[in-house]
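> Attaching a single structure in structure tokens format; questions to follow.
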Amino acid sequence: MKAVLVVLCLISIVCADQFGFTLQYRGVCTFGASTNCDMRAATQTIQTNISPDGTVSENIDTVLGALSQGFITIDNTGNFNGNTTFGIHTTHANHSLTFSGFTTPSVSEADAGLQCFAGAGLITSGVGSWAGASGAISFSGCLDPTIGYTTAILVSRVFVPTPAPPMNQ
């Protein structure tokens, strides 16, 4: 199955529009037999600055506008399935990406009290403006158990099929 998805991604490079996006999502993850996360991201600009002395800083500015809602379920073996929607409040459910993959073991930061995680996988389908999408997706984030809130950065490289030109009659 993985090999088929990789081949489809490679083929899509030839006949698809390629682009990427990065969004910071915030929300809640619940834990049990599986981990279920429900997070949201607003329209945003993410800027990473590298100074001459080697320090790195990040600035994320959000603005009012369209949104993305992400759902991820991670099973007890580290496999995940998820989807993200894009648009305004009344239309975002009509435009979505579905993806799956594997997570790394989580890492706890004792001093900060954070539980951090990461994962990577493939985009398996799309709906609406994402119809026929394929590509790669990754995320990393941390849960702050003191407030029960999760912040994660999602990064993707997406291929969306280019519509066929109209036929001459």
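Values in this text are rule-based calculations from the coordinates and carry no lab data. Since we're looking at a predicted model, the values are computed, not measured. Please note: Cβ atoms are built from the backbone with ideal geometry, for glycine as well, and neighbour counts cover all protein chains shown.
> Relative to the longest principal axis of the chain, what angle (0 to 90°, nearest 10) does the C-alpha long axis of helix 2-14 take?
Rounded to the nearest ten degrees, it is 60.
> Still on this structure: Let me check against my output: what whole-number percent is the relative contact order of region 2-161, with C-alpha pairs under 8 Å and at least 6 apart?
Relative CO of region 2-161 lands at 23 percent.
> Full extension from VAL155 to SER125: what is 0.36 nm times the residue separation minus their Cα-Cα distance, to one decimal in nm?
Contour length minus the Cα-Cα distance gives 9.2 nm.
> In nm, to one decimal, how far is the modelled label at ARG26 from the one at THR73, with both set 7 Å along Cα→Cβ?
Once both label points are built, they end up 2.7 nm from each other.
> Going by how many other Cβ atoms sit within 10 Å of their own, how do SER96, SER106, SER57 line up, fewest first?
Ranking SER96, SER106, SER57 by Cβ neighbours within 10 Å, fewest first, gives SER57, SER106, SER96.
> Another question, then. Top mean-square fluctuation among GLN24, GLN47, GLN69, Gaussian network model of the chain, C-alpha springs under 10 Å?
GLN47
> Taking a spot 7 Å from the Cα of ILE60 along the direction of its beta carbon, which residues of region 85-105 have an amide N less than 18 Å from it?
Hits in region 85-105 for ILE60 at 18 Å: 85-87.
> Run the numbers for SER34 and HIS89: contour at 0.36 nm per residue of separation, minus the present Cα-Cα distance, in nm.
Here the segment from SER34 to HIS89 would lengthen by 17.0 nm.
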